[in-house]
Amino acid sequence: MPRSKRSKLVTLSKTEAKTRESKEKIFDSVREALDTFQYVWVLQLDDVRTPVLQEIRSQWVGSRLIMGKRKVLIKALGETRENEYKENLYKLSNHINGVVGLLFTNEDVATVKDYFTAYEKNDYSRAGSLSPIDFVIPQGIVYSRGGQIPIEDDVPMVHSLEPTLRNKFEIPTKIVKGKIFLDQPYKVCSKGQKLDVRQSLILKQFGVAESKFRIKIQWYYDIANAGIKEVDVNLNLSN
């Protein structure tokens, strides 16, 4: 007998239980770290990519980076003086906005400050960001880097990508003698222009990674002194 194709009721109880378990695990991890390390730093990690997190964790062996939902992190620290986990810790919660990570460490303040001040990675531009360069694909055979490097150092883009360039990216390409070809230069974007999804994908396709990713640090909590401190824009410490 053929199996019925009618909609069936699907229970989400296991998914909900798993989500709750994950939140509780993060909550407990934050509390445990607060009892283990001397400092807690708030790292601003908007648009962070997985390789960056992996690199930070590998370079900060002995410390601990915890990420989670904003509300879970705040709840673990404490939202008010009445429910804070340690004295004055609720003040740090007031500075958890956007995508953040909590770095728990025993490294001194200068070490943390110097590392994250110097930390910088080339990254692909995302939709909604400003283009870091003028990008024009030259006329003729389309190369994998789109004219960013000398032809002798580049290779023609594989012909199987031509439908993607033409249909998905709306670049007027065609195949000529087995090579992807443009009859005239094609301007993708201008420097400083706000990128849409299509433009950002084209830049990534041609390996344009000219945007800079930095991690902003501004506030930390010193457990020994039960106080939060700010790192100002000049990277000097102030009370």
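How many of the residues in region 138-163 are of a type in the set (Val, Ile, Thr), open to solvent by less than 80 Å² (accessible area, probe 1.4 Å) and more than 28 Å from the chain's Cα centre (by Cα)? Of the residues in region 138-163, 2 are of a type in the set (Val, Ile, Thr), open to solvent by less than 80 Å² (accessible area, probe 1.4 Å) and more than 28 Å from the chain's Cα centre (by Cα). Criterion first (surrounded by fewer than 13 Cβ atoms within 10 Å (Cβ to Cβ), part of a loop (DSSP other than H, G, I, E, B), touching a strand residue (DSSP E or B) at 6+ places or on another chain (Cβ under 6 Å) and not aliphatic (A, V, I, L, M)) does residue 192 satisfy it? Yes: the conditions hold for residue 192. Taking region 57-79 as the range and being touching a residue at least 12 places away in the same chain (Cβ under 8 Å), open to solvent by less than 80 Å² (accessible area, probe 1.4 Å) and either of a type in the set (A, V, I, L, M, F, W, C) or in a helix (DSSP H, G or I) (or both) as the test, the residues that pass are 60, 65, 66, 67, 72, 73, 74, 76, 77.
Of the numbered criteria (1) aliphatic (A, V, I, L, M); (2) modelled with pLDDT under 95; (3) open to solvent by less than 60 Å² (accessible area, probe 1.4 Å), the one residue 40 fails is (2). Scanning region 173-188 for residues that are outside any strand (DSSP E or B) and either within 13 Å of residue 143 (Cα to Cα) or open to solvent by less than 80 Å² (accessible area, probe 1.4 Å) (or both) turns up 178, 185.
The values are calculated or read from the model by the stated rules, or taken from the named source; none is laboratory data. Predicted model only: the values in this text are computed from it and were never measured. Cβ sites come from the backbone with ideal geometry, for glycine too, and all protein chains shown count toward neighbours. With ligands, DNA and RNA removed, areas are computed over all heavy atoms of the protein, side chains included. Shrake-Rupley method; radii C 1.70, N 1.55, O 1.52, S 1.80 Å.
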